[in-house]
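Q: Encoded as structure tokens, here's the structure I'll be asking about.
The values are calculated or read from the model by the stated rules, or taken from the named source; none is laboratory data. Please read all numbers here as calculations on a predicted model, not as lab measurements. Cβ: placed from backbone, ideal geometry, glycine included. Neighbour counts: every protein chain shown.
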Amino acid sequence: MADTVVGANPDPHASGADPNRRDFIHIAAGAAAVGAAAAVAWPLVDQMNPSGDTLALASIEFDLTKVAEGQQVVVKWRGKPLFVRNRTAAQIAAAIKDDNAPMPDPEPDEARHKPGKPEWLVLVGTCTHLGCVPTFGGGDYGGWFCPCHGSHYDTSGRIRKGPAPKNLVVPEYAFVSDTKVKIG
Amino acid sequence: MSGHSTYEPKTGFERWMDTRLPVIRLAYDSVVAFPTPKNLNYWWTFGGILALMLGIQIVTGIVLVMHYVPHVDHAFASVERIMRDVNYGWLIRYMHANGASMFFIAVYIHILRNLYYGSYKAPREVLWILGCLIYLLMMATAFMGYVLPWGQMSFHGAVVITNLLGALPIVGESITTWLWGGFAVDNPTLNRFFSLHYLLPFVIAGVVGLHIWALHVPGNNNPTGVNVKSAEDTVPFHPYYTVKDGFAISVFLILFASFVFYNPNILGHADNYIPANPLVTPAHIVPEWYFLPFYAILRAIPDKLGGVLAMFGAIGVLFVLPWLDTSKVRSMRYRPTAKLYFLIFVLACLVLGLCGAKLPDDHVIPIGSTFQLFDADLNSFVWLSRIATAYYFAYFLIVLPILGLVEKPLPVPESISAPVLDNAKKD
Amino acid sequence: MLRKRIALAALGLAFIAGPALASGGSAPLREHTWGFEGPFGKFDQAQLQRGYKVYREVCSACHSMDLVYFRTLAEKGGPFYDPKYPNPNDNPYAKALAAEAQVPDIDSETGDPIQRPATTADAFPNPFPNEAAARASNGGAMPPDLSVIAKARSGGPRYIYSLLTGYVNPPAGLTVTPGSYYNKYFPGDLTASWSGDPKHVPPGGFLAMPPQLADGKVTFDDGTPSTAEQQARDVTAFLTWASEPKMIERKTFGFGAMIYLVLFSVLLWFSYRRIWRNVAH
């Protein structure tokens, strides 16, 4: 049997084919294996992304009639506190007056509420420094004061003094009616 | 065969690594250059398949644990949450549940391959015993895993199996209470089964490491049962067997996928989708299919302790098999009489599996009752189980010891290469 | 020899995979071909909507579905899915259907238990606060939760369909326990209640649920004639969907996976043959 080679490492030149040579078929099979591995890996990675029930609680609706003028209500949203504050005219005026004052994260008050509704501030109640919950009304600017490291926020939720780098975050929200907001 | 290493580090990094921790050398010697008999048939691909299935079970299991809640009030709901809300949760859960069945299909074929080709015989006794240990650990892992969804079968299956320990004289009851962590299967039981179910697969992985090490000392057996005589009888593991195993794995995955995607619940039991109720026992408590033969053996013996001993004895007898089989010839390819007994053994195992699924008093042949033999009708699954159990034990304890001494085997080839040259008829 | 062994093994597996048969059991289930069966099955969205209406108006009075949420109705493949609203929580039908239901909650100001309209994040409301109340209202029997009922019964959809339409007059000689109803598809052993020929015990059993479906009991908004048969088929489809909302996604994914695996096997086969070409084995 001249062309059948009996041996452990067959003669690579016996019929011009070395089993270690990168034949197209081996490359194709290898590529298919990589593709299969990727197809298997994706579900294993994606399962750690937020699941259906977590996403269901991603948005909430809130009834603004619950908040008296000058007061704030704190609700839980996506596991974090959310401040809904009903500002008095004086607080709104104070915020606008300071629009051009030097501050770490300059932002006009107008950009932090919905048009035509300056009395309603909706902010994520987490200090942008390291995540503590600021207290209502404290500090030098009448907005909020974070007791952990002494950050002062004004009546627009902007950082004025202290270690926090950014203003309190305004989440994505919309008025579904004059008295109801949908957040998230 | 563990000869000396032929690895030669090529790159600077390889040389650096080789003098500090020769893992690349180890991988090369074990999986690339390892001289493997060139005549291995497809029955030899199941080792690779088993390694893959262990990997799949561990990976899918770890992911499931990110979402599962091991508390009696939340377990069932958390599994349904995985099925409905976790991204691809349904896929991962069905892969894990059906993966267990595929794992057992592969292990049974692997064991039968070893029985037929005499792979348990000297010098591979320790390899065989490690394999039996892996099998035992697999069964413990699978049993505890099935309890976790906390369905009716999960709960009542746990009750039945843990109650078996009560059969042990003197210490039985305290051991059962100790295992339960209470007076019945309840939350403490679920939690410890969860912990152990997470642990044991890693113990299995460790024993698999020893198993492969023990294999690599003498090297693989082969269908002729004849030892490798020279390098001419072997090929390097890569690419010859990496690709062949790859092909076999790919075909096995087609079978796996057909269960996962088109019939994911057929190997299970509908009752396990009913949340566990300690006050209501399902009409028929059946274990998962891979335990059915042992369940049949358990019920074949009318005495509780006797049944337990027979069931564990059926696994125990495997451990001493290398010393029971007296044949000088390894492979049943050259032992025609033994081959016949082996086939009947396989049939007996299948019959035991069937009996495990049936009610003991049901009639085997639908001609109605015949006559009462001791405690049951002759035409009942109890008696069929007894016959099959008797053959199961007789095969190991009587047939194999005697056959090796009295049979007339066929002439065994001189070497692995010899039958290839002679174009001898296979199998 | 090899073939014989494979055939034997296949035969054996066929046995083992078969279900344990009950003695004295129930009648063979009614036949019906469902659109969602088979590897290329699909749910009919209109049927799922009708089925949901049957559940909501008839079954939900006693049967909870604690693991199904209003948002699930608007998920892909569900009865009220609308591609315009990929986020099921925005789907107006799901929100409206949820708002129709009342769920228990705690008043955030007073701390008192209250009932409020459900949102898409809520599960279907349970008609009873706990198991004891459920049993008390149903003569001691517990109406099972229907979240996974199609997977929890042997025969699945066929069983549900048969059971709902399987109430027949009990044959003469059968003593029906008061408060129970005879159904020939409900598994049971009626030997004790049968005074006729002991070799011919009628199939079926007694269950605590009276027949529920009747012609015209539920009005279908799409104009489909509302016969008991139609209601049974529609609610069965709905319950099957609810038991496994990802069924169709599973089959679709499976089709792609199988094709890929077959191609992969073919490639590996040729790779294997190429490698082994020069080795006598």
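Q: For region B:80-105, name all the residues that are at the interface with another protein chain (Cβ under 10 Å from one of its Cβ atoms) and of a type in the set (A, V, I, L, M, F, W, C).
A: B:Ile82, B:Met83, B:Val86, B:Trp90, B:Leu91, B:Ile92, B:Met95, B:Ile105 - these are the residues of region B:80-105 that are at the interface with another protein chain (Cβ under 10 Å from one of its Cβ atoms) and of a type in the set (A, V, I, L, M, F, W, C).
Q: Determine whether C:Ser243 is closer than 30 Å to B:Asn39 by Cβ and buried (at least 20 other Cβ atoms within 10 Å of the Cβ).
A: no
Q: Give me the residue from region B:237-269 that is more than 7 Å from chain C (Cβ to nearest Cβ) and in contact with a Pro (Cβ under 9 Å, 6 or more places away or on another chain) and, out of that set, surrounded by the most Cβ atoms within 10 Å (Cβ to Cβ).
A: B:His269
Q: Looking only at region A:45-100, which residues are basic (Lys, Arg) and under 30 Å from B:His67 (Cα atoms)?
A: Residues satisfying the conditions are A:Lys76, A:Arg78, A:Lys80.
Q: Name the residue, out of B:Tyr290, B:Tyr295, B:Tyr273, that is of a type in the set (Phe, Trp, Tyr) and under 30 Å from C:Met65 (Cβ atoms).
A: Sole residue among the options that is of a type in the set (Phe, Trp, Tyr) and under 30 Å from C:Met65 (Cβ atoms): B:Tyr273.
Q: Any residue in region B:7-36 that's closer than 27 Å to B:Val235 by Cβ and touching a residue at least 40 places away in the same chain (Cβ under 8 Å): show its pairings with residues that are in a helix (DSSP H, G or I) and among the aliphatic types (A, V, I, L, M) at Cβ separation under 6 Å, as long as the two are six or more apart or on different chains.
A: none
Q: Further, regarding this structure: Quick one: in region B:39-77, which of the residues that are assigned to a loop (DSSP other than H, G, I, E, B) and more than 11 Å from every other protein chain (Cβ to nearest Cβ) is surrounded by the fewest Cβ atoms within 10 Å (Cβ to Cβ)?
A: By that ranking, first place goes to B:Asp73.
Let's see how each residue does on (1) in contact with a Ser or Thr (Cβ under 9 Å, 6 or more places away or on another chain); (2) modelled with pLDDT of 95 or more:
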site	(1), (2)
B:Gly209	no, yes
B:Ile212	yes, yes
B:Ser230	yes, no
B:Phe237	yes, yes
B:Ala248	yes, yes
B:Tyr262	no, yes
B:Ala270	yes, yes
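Q: Can you tell me which residue in region C:227-273 is nearest to the chain's Cα centre (by Cα), limited to those that are among the basic types (Lys, Arg) and facing chain B (nearest Cβ under 9 Å)?
A: This residue is C:Lys246.
Q: Taking region A:151-169, which residues are free of Cβ contacts under 8 Å to residues at least 40 places away in the same chain and polar (S, T, N, Q)?
A: Once the filter is applied, which keeps residues that are free of Cβ contacts under 8 Å to residues at least 40 places away in the same chain and polar (S, T, N, Q), region A:151-169 yields only A:Ser151.
Q: Could I ask something else about it? Do we have B:Thr234 as more than 7 Å from chain C (Cβ to nearest Cβ), farther than 29 Å from C:Phe186 by Cβ and crowded, with 22+ Cβ neighbours inside 10 Å here?
A: yes
Q: Which is under 24 Å from the mean Cα position of the chain (by Cα) and either at pLDDT below 95 or not in a loop (DSSP other than H, G, I, E, B) (or both), of C:Ala94, C:Ala99?
A: C:Ala94
Q: Look through region B:177-195, keep the residues that are of a type outside the set (A, V, I, L, M) and surrounded by 18 or more Cβ atoms within 10 Å (Cβ to Cβ), and return whichever of them is farthest from B:Gly61 (Cα to Cα).
A: If we take residues in region B:177-195 being of a type outside the set (A, V, I, L, M) and surrounded by 18 or more Cβ atoms within 10 Å (Cβ to Cβ), then B:Trp180 is farthest from B:Gly61 (Cα to Cα).
Q: Looking at B:Asn220, B:Asn272, B:Asn191, which one is farther than 23 Å from B:Ile134 by Cβ, more than 12 Å from chain C (Cβ to nearest Cβ) and either assigned to a helix (DSSP H, G or I) or polar (S, T, N, Q) (or both)?
A: B:Asn191
Q: So which residues in region A:50-64 are more than 9 Å from chain B (Cβ to nearest Cβ) and either surrounded by fewer than 16 Cβ atoms within 10 Å (Cβ to Cβ) or without any contact (Cβ under 8 Å) to a residue 60 or more places away in the chain (or both), if there are any at all?
A: Listed by number, the residues that qualify are A:Leu57, A:Ala58, A:Glu61, A:Asp63.
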